[in-house]
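Here's the structure we're looking at; comments come further down.
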Amino acid sequence: MAVTIGKSQGTVVAAAAGLLALISLGAYAEAGMRQAVAVLIGGLAGLSLYHASFGFTAAWRRIVTERRGAGLRAQFVLILLTSAVSFPLIAWGGQLGWPTGGFVFPFGVAAAIGAFMFGVGMQLGGGCGSGTLFTAGGGSTRMMITLAAFILGSVLATAHLHLWGQLPKLPATSLIREFGPHGAFLVTAAVLGTLAFATVRIERKAHGELAASRKTDSFLTGPWSPMMGAVMLAIVGIATFVVVGRPWGITSAFALWGGKIFHAVGIPVDTWPYWTWQRGALENSVLRDTTSVMDFGVILGAMAAAALAGRFAPVWQLSRRDLLTAIAGGLLMGYGARLAYGCNIGAYLGGLVSGSLHGWLWLLFGFLGSLLGTRLRLRLGMG
């Protein structure tokens, strides 16, 4: 089927593609072919997130407010598809000449507080880490403000991380090490299957039947079904493991961008304990940071997707409520993500596809925060 888009939208597509190519070339010059490919993987992520409207925030909210669980079930499919490849890679990749690492972190009081803060913030801000990037890239001016506050909250958290790190925590636990890749996958599938069954029960009890799934109209112009989005994002996650050697992450780049801005205006972030071991990232080109270049790709991929769909049309008028909730949500997400090892992508998705216990605990406390955030949305009259 031929794709027809307006002249102005075509210009946006061309601009996004051109910028994506320039960043990829710059990344190649700074850090080689893998870095260049990482930019393109980010672009595919942005395209997929936008066309599938694949957000974690709305899915968590809908199961509470509308008793609809399709979004959650799509997330579970994404996790299982990625884990089917990532678990064996983490376990045996080194023996095959393809060393791959996971995100396996200790989880304690600070991480629980951070995940809870993030859950509240994503409902007020209107998107999680990936959601903020793809909606900002798609032309949402409100989410651009959320992103700016997200960056500020992230860098402010780095000033205090050494203090939060003194609080009690559980040791890092890997299901892959405990049960092997096959056993870890069976455990993950059993838990997610149980949760999916629960969402089906909740939805049928509330509505009598499951909602009809949105169909995929066009690969290039969208929209996509949630399951199409899950499959494409699983490809993104697996490609990240193969090319980068670790899970997909989002929010560490926000702290870096904020740190560089602070450093440029004379704030001595390089004396903060967090940046003493990140001094190289602070001083090097941002194109050497893999998470950053993938985030740039997400923004530009979503920008291109919005224009391909004929929907790139930024609205510059925002209400006072929209402005304040975007700032509050972004600050909470930025600060919380640093305490809790990341957002829905880096901590929840990245943790689970690494077979880490901290991913499950992040899900628990993040969801509890999301419940409070959802109640605040309702009280504030946010649709």
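Points to keep in mind about this one:
- Note on the range 237-284: residues that are buried (at least 23 other Cβ atoms within 10 Å of the Cβ), farther than 22 Å from GLY165 by Cβ and of a type outside the set (S, T, N, Q) total 3.
- Unique match (being touching a residue at least 24 places away in the same chain (Cβ under 8 Å), over 18 Å from PHE118 (Cβ atoms) and aliphatic (A, V, I, L, M)) among ALA196, ALA136: ALA196
- Of all residues in the range 348-383 being more than 19 Å from PHE185 (Cα to Cα) and of a type in the set (S, T, N, Q), the one that is surrounded by the most Cβ atoms within 10 Å (Cβ to Cβ): SER370
- Test: residue in the range 148-157 that is touching a helix residue (DSSP H, G or I) at 6+ places or on another chain (Cβ under 7 Å), over 30 Å from PRO314 (Cα atoms) and touching a residue at least 12 places away in the same chain (Cβ under 8 Å): yes
- Residues of the range 238-294 that are among the charged types (D, E, K, R) and at pLDDT 95 or above: ARG246, LYS260, ARG288, ASP289.
- Residues that are more than 23 Å from VAL298 (Cα to Cα), in contact with a Phe, Trp or Tyr (Cβ under 6 Å, 6 or more places away or on another chain) and not aliphatic (A, V, I, L, M), drawn from the range 35-92: PHE87
- Extreme residue, surrounded by the fewest Cβ atoms within 10 Å (Cβ to Cβ), among residues of the range 60-104 that are basic (Lys, Arg) and closer than 17 Å to MET227 by Cβ: ARG62
- Residue check for GLY208: touching a residue at least 24 places away in the same chain (Cβ under 8 Å), of a type outside the set (S, T, N, Q) and either within 24 Å of TRP362 (Cα to Cα) or surrounded by fewer than 24 Cβ atoms within 10 Å (Cβ to Cβ) (or both): no
- Candidates ALA38, ALA16, ALA52, ALA27 - the one that is of a type in the set (A, V, I, L, M), surrounded by 22 or more Cβ atoms within 10 Å (Cβ to Cβ), more than 29 Å from SER285 (Cβ to Cβ) and in contact (Cβ under 8 Å) with a residue 24 or more places away in the chain: ALA52
- Where GLY114 falls short, out of the listed (1) of a type in the set (Gly, Ala, Ser); (2) in a helix (DSSP H, G or I); (3) touching a Pro at 6+ places or on another chain (Cβ under 8 Å): (3)
- Which listed residue is within 23 Å of ALA45 (Cα to Cα) and not acidic (Asp, Glu), from LEU368, LEU372, LEU378, LEU363: LEU363
- Residue count for the range 16-61 satisfying the condition of being over 18 Å from CYS343 (Cα atoms) and outside any helix (DSSP H, G or I): 1.
- Within the range 160-185, being part of a helix (DSSP H, G or I), under 24 Å from the mean Cα position of the chain (by Cα) and more than 25 Å from THR82 (Cβ to Cβ) holds for LEU161, TRP164.
- Annotation note: of THR194, THR146, THR216, THR188, the sole residue that is surrounded by fewer than 18 Cβ atoms within 10 Å (Cβ to Cβ), polar (S, T, N, Q), assigned to a helix (DSSP H, G or I) and out of contact with any Lys or Arg (no Cβ under 7 Å at 6 or more places or on another chain) is THR194.
- Subset tally (residues that are part of a loop (DSSP other than H, G, I, E, B), among the hydrophobic types (A, V, I, L, M, F, W, C) and crowded, with 24+ Cβ neighbours inside 10 Å) for the range 318-347: 2
- Residue match in the range 367-383 (condition: in a loop (DSSP other than H, G, I, E, B), within 15 Å of the chain's Cα centre (by Cα) and on the phi > 0 side of the Ramachandran plot): no
The values are calculated or read from the model by the stated rules, or taken from the named source; none is laboratory data. Keep in mind the model is a prediction, meaning the values are calculated, not measured. Cβ: placed from backbone, ideal geometry, glycine included. Neighbour counts: every protein chain shown.
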